[in-house]
1. Of ALA94, ALA79, ALA6, ALA43, which residue is under 17 Å from ALA161 (Cβ atoms) and either touching a Pro at 6+ places or on another chain (Cβ under 7 Å) or acidic (Asp, Glu) (or both)?
2. Restricting to the range 51-70, name every residue that is in contact with a Lys or Arg (Cβ under 7 Å, 6 or more places away or on another chain) and modelled with pLDDT of 95 or more.
3. May I ask you to list pairs of residues, at least six apart or on different chains, whose Cβ atoms are under 7 Å apart, with the first in the range 165-177 being among the charged types (D, E, K, R) and the second being buried (at least 18 other Cβ atoms within 10 Å of the Cβ)?
4. Can you pull out the residues in the range 145-199 that are away from the ligand (no atom under 15 Å from the Cβ), within 16 Å of the chain's Cα centre (by Cα) and polar (S, T, N, Q)?
5. Would you call PRO75 crowded, with 19+ Cβ neighbours inside 10 Å and within 16 Å of the ligand (Cβ to nearest atom)?
6. So, restricting to helices (runs of 4 or more DSSP H) that lie completely within the range 9-92, which ones have at least 2 residues that are charged (D, E, K, R) and more than 13 Å from the chain's Cα centre (by Cα)?
Amino acid sequence: MRLHVANHPLIDHKLSVLRDETTPSAVFRQLVDELVTLLAYEATRDVRTEEVEIKTPITTTTCRRLAEPRPIVVPILRAGLGMLEGMTRLLPTAEVGFLGMRRDDDTLEIETYANRLPDDLDGRQVFVIDPMLATGHTLVAAIEYLLDRGASDVTALCLIAAPEGLKALEEAVGDRANVTVVTAAEDDHLNERSYIVPGLGDAGDRLYGIVD
Ligand code: URA
């Protein structure tokens, strides 16, 4: 597994506002969108391209375009939805699938409650979006699901990652597959309720208000 912590003053600034508990939902959503676009720029560095002949108004030239099969963007519901628009703005031709996974607050077990993905992901590049990599249970389950269906490489975009989650992911996938995590920050640790410290609280609640 590869880890890329994006390092940029604009990312630091946006993250500081995102972490602030007084930041209202509307501003929070806007900042998530902006941060995703910056992370997506890093995360798509190895997206596959192919040569095409283009006729400009002046001459004919060879350029590069996103290759087929198209990459797939998979938000983990519900908080990952808040990152979808920022991601598809940069990758407008990508296909979009959905995985609904949630953590049971008592058992901390992951359950899949929705799945809208092609059955066969053979050779596809997949971008999983989920704002918080906490215990890693959700992301491990999602990535194993995608690799089992043939995805050739998976890049996870997370706004904040905890060391515990990164370790869990490393132990689960190791060198078995081409998995990359791109994040804006690696935080300190998880608290006793598996929230990231310092973190930003519950990303889903802050994006959408509290809905159970
Ligand atoms: N999910 C969140 O939304 N926040 C955390 O800190 C951990 C998991």
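1. Working: ALA94 fails: under 17 Å from ALA161 (Cβ atoms); ALA6 fails: either touching a Pro at 6+ places or on another chain (Cβ under 7 Å) or acidic (Asp, Glu) (or both); ALA43 fails: either touching a Pro at 6+ places or on another chain (Cβ under 7 Å) or acidic (Asp, Glu) (or both).
Checking each option against the conditions leaves just ALA79.
2. Scanning the range 51-70 gives GLU51, VAL52.
3. Close Cβ pairs satisfying both conditions: GLU170/MET1.
4. THR155, ASN178, THR180
5. Values: crowded, with 19+ Cβ neighbours inside 10 Å: yes; within 16 Å of the ligand (Cβ to nearest atom): yes.
Judged against the criteria, PRO75 is a match.
6. 9-19, 25-43
The values are calculated or read from the model by the stated rules, or taken from the named source; none is laboratory data. Source: prediction; values computed, not measured. Cβ coordinates were reconstructed from backbone atoms using ideal geometry, including for glycine residues, and neighbour counts include every protein chain displayed.
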